[in-house]
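The values are calculated or read from the model by the stated rules, or taken from the named source; none is laboratory data. Since this is a predicted model, take the numbers as computed values, not measurements. All Cβ positions, even for glycine, are placed from backbone atoms using ideal geometry, and neighbour counts span all protein chains on display. The accessibility values were calculated without ligands, DNA or RNA, using every heavy atom of the protein model including side chains. Shrake-Rupley method; radii C 1.70, N 1.55, O 1.52, S 1.80 Å.
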Amino acid sequence: MTRPTEITIDLNALIANCHYAQTLSPDSHTVAVVKADAYGHGAAEIAKALQQSVTMFAVSSLEEGIELRQQGISLPILLLEGCFTQEELFNACKQGFSVVMHNLKQYQMLESLDTNANIDVWLKVDTGMHRLGFAPEQVMDIYSKLNSAKQVTNVVLMTHLSAADETNNNFTNEQLAKFINCREQLEKQFSKSIKTSIANSAGIKAWSLARGTWNRPGIMLYGVSPFMPEDKLPEDDMQQHLVPVMTFKSKVIALRNVPTGESVGYGNTWVAAQDSVVATIAAGYGDGYPRTAKLGTPVLVNGQKAKLCGRVSMDMITVDVTGLTEVEINSEVELWGKKLLVNEVASWSETIGYELVTRMPKRTPRRTINP
Ligand SMILES: *Cc1c(COP(=O)(O)O)cnc(C)c1O
């Protein structure tokens with residue numbers, strides 16, 4: 001018997017979420033974003049499961065791309081930050097990776113590549129996020145250069161939305177207008193249609209103008225809505241259509257009565273207001289449970305909602321199970337998953353589901369289900 005803490009990864013759920021993204025935007029191709037080890041879900045398993053359903057994968061570094069190739073993934077792979085050195089660009093070319101180009105330095109690296117190189121370039125426009133990309137007024141010039149560069153086989157025009165999850169924020173309309181203007185100018189100048197990519201998960205759902213030749217869903221593939229539940233957006237019926245892919249679970253390993261006035265855990269932060277029953281669960285911040293989780297954070301014990309009591313420690317949490325039925329040592333616990341959404345847990349830690357799933361540590365065993 002090993003420690004009962006683990007995460008399961010439901011591959012059927014993954015495929016269903018991907019198909020949902022495609023139903024929302026049926027005319028677009030899908031670039032599945034599998035950066036950061038597929039948001040903590042295991043990039044190789046996720047990519048293998050998705051390769052029949054998507055046209056491309058996106059990662060953040062050459063190493064992440066090579067890892068997928070070594071695991072037998074042969075679909076095109078896009079490097080979302082492009083290349084950091086000349087040598088890297090050379091290697092990316094050799095691997096057949098597509099690269100984002102977001103600054104002049106990356107263009108200069110490309111100029112000094114062998115003219116026999118064949119590279120697919122995703123030209124990034126900074127429409128207002130001000131993180132990466134060329135200013136709209138620079139786009140005509142850089143696009144013309146790329147268009148005539150022998151090394152370049154194809155150019156896709158892309159941008160990234162900074163507030164697509166805030167569905168009543170007009171900033172997204174401003175970004176879209178700038179982007180569409182760039183695209184139209186290029187189409188006029190070069191008398192051809194320009195391929196585009198704008199939307200992340202929130203963009204696919206909430207901004208129809210953001211749907212492009214390629215969409216770039218990440219978080220929704222994993223069954224997590226990019227909209228936080230407390231924002232109560234009318235558009236956020238998204239979670240209803242998604243199935244959480246990751247379930248983080250453990251078991252009760254101890255159970256005790258804590259009399260009124262006694263405290264639980266480090267720093268004695270929780271004091272029993274009544275005679276209580278407290279369950280100790282084998283999962284802590286060393287397993288990926290957030291230490292910042294506040295008192296009262298929901299935890300499902302034997303399918304019933306209980307409240308976190310006491311501080312999260314490295315290997316354990318304690319939960320108030322007073323009045324719950326049939327809680328015993330070895331009772332099943334869901335920290336987050338299909339019945340308790342990771343976004344709900346995240347909101348008790350002042351973070352978002354993205355962070356909680358992505359920062360799962362190595363020590364938590366990961367098991368694939370429904371292959
Ligand atoms: C991470 C990322 C995405 C995916 O965003 P989600 O909100 O997870 O859907 C899309 N595009 C770019 C450029 C990214 O960095």
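Taking the stated definitions as given, is residue 267 more than 16 Å from the ligand (Cβ to nearest atom) and out of contact with any strand residue (DSSP E or B) (no Cβ under 9 Å at 6 or more places or on another chain)? Answer is yes for this residue.
Does region 46-66 hold any residues that are more than 16 Å from the ligand (Cβ to nearest atom) and surrounded by 18 or more Cβ atoms within 10 Å (Cβ to Cβ), and which are they? Of everything in region 46-66, just one residue is more than 16 Å from the ligand (Cβ to nearest atom) and surrounded by 18 or more Cβ atoms within 10 Å (Cβ to Cβ), namely 49. Among the residues of this structure, residue 168 does not count as one that is more than 16 Å from the ligand (Cβ to nearest atom), under 28 Å from residue 98 (Cβ atoms) and surrounded by fewer than 20 Cβ atoms within 10 Å (Cβ to Cβ). Look at (1) more than 16 Å from the ligand (Cβ to nearest atom); (2) in a loop (DSSP other than H, G, I, E, B) and you find that residue 251 fails only one, number (2). From 58, 38, 49, which residue is touching a residue at least 40 places away in the same chain (Cβ under 8 Å), assigned to a strand (DSSP E or B) and touching a strand residue (DSSP E or B) at 6+ places or on another chain (Cβ under 9 Å)? Being touching a residue at least 40 places away in the same chain (Cβ under 8 Å), assigned to a strand (DSSP E or B) and touching a strand residue (DSSP E or B) at 6+ places or on another chain (Cβ under 9 Å) holds for just one of 58, 38, 49, which is 58. Of all residues in region 319-347, those satisfying the criterion of being at pLDDT 95 or above, over 26 Å from residue 224 (Cβ atoms) and open to solvent by 20 Å² or more (accessible area, probe 1.4 Å) are 320, 322, 323, 324, 327, 328, 329, 330.
Quick grid of which residues meet (1) within 17 Å of residue 243 (Cα to Cα); (2) assigned to a strand (DSSP E or B); (3) within 18 Å of the chain's Cα centre (by Cα):
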position	(1), (2), (3)
311	no, no, no
324	no, no, no
327	no, no, no
334	yes, yes, no
343	yes, no, yes
355	no, no, yes
361	no, no, yes
364	no, no, no
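Scanning region 171-196 for residues being away from the ligand (no atom under 16 Å from the Cβ), among the β-branched types (Val, Ile, Thr) and either modelled with pLDDT under 95 or open to solvent by less than 20 Å² (accessible area, probe 1.4 Å) (or both) gives a total of 1. Among the residues of region 168-224, the one identified as touching a Cys at 6+ places or on another chain (Cβ under 9 Å), over 20 Å from residue 135 (Cα atoms) and not in a helix (DSSP H, G or I) is 217. Taking each residue of region 202-221 that is in contact (Cβ under 8 Å) with a residue 40 or more places away in the chain and within 11 Å of the ligand (Cβ to nearest atom) and looking for partners that are of a type in the set (Asp, Glu) and open to solvent by 10 Å² or more (accessible area, probe 1.4 Å) with beta-carbon atoms closer than 6 Å, six or more apart or interchain, yields 202/165. The single residue among 165, 114 that is under 16 Å from residue 210 (Cα atoms), out of contact with any strand residue (DSSP E or B) (no Cβ under 6 Å at 6 or more places or on another chain) and modelled with pLDDT under 95 turns out to be 165.
Within region 132-165, the residues that satisfy the criterion of being aliphatic (A, V, I, L, M), closer than 27 Å to residue 207 by Cβ and open to solvent by less than 50 Å² (accessible area, probe 1.4 Å) are 132, 135, 139, 142, 146, 155, 156, 157, 158, 161, 163, 164.
Taking only region 299-314 into account, find how many residues are open to solvent by less than 10 Å² (accessible area, probe 1.4 Å) and under 11 Å from residue 345 (Cβ atoms).
Step one: of region 299-314, the residues open to solvent by less than 10 Å² (accessible area, probe 1.4 Å) are 299, 301, 306, 308-310, 312.
Subsequent filtering for residues that are under 11 Å from residue 345 (Cβ atoms) retains 299, 308.
So the count comes out to 2.
Applying the selection to region 80-119, what residues are of a type in the set (A, V, I, L, M, F, W, C), farther than 17 Å from residue 69 by Cβ and open to solvent by 70 Å² or more (accessible area, probe 1.4 Å)? If the condition is that a residue be of a type in the set (A, V, I, L, M, F, W, C), farther than 17 Å from residue 69 by Cβ and open to solvent by 70 Å² or more (accessible area, probe 1.4 Å), then 84, 104 are the ones that fit. For residue 315, state whether it is closer than 21 Å to residue 354 by Cα and charged (D, E, K, R). Answer is no for this residue.
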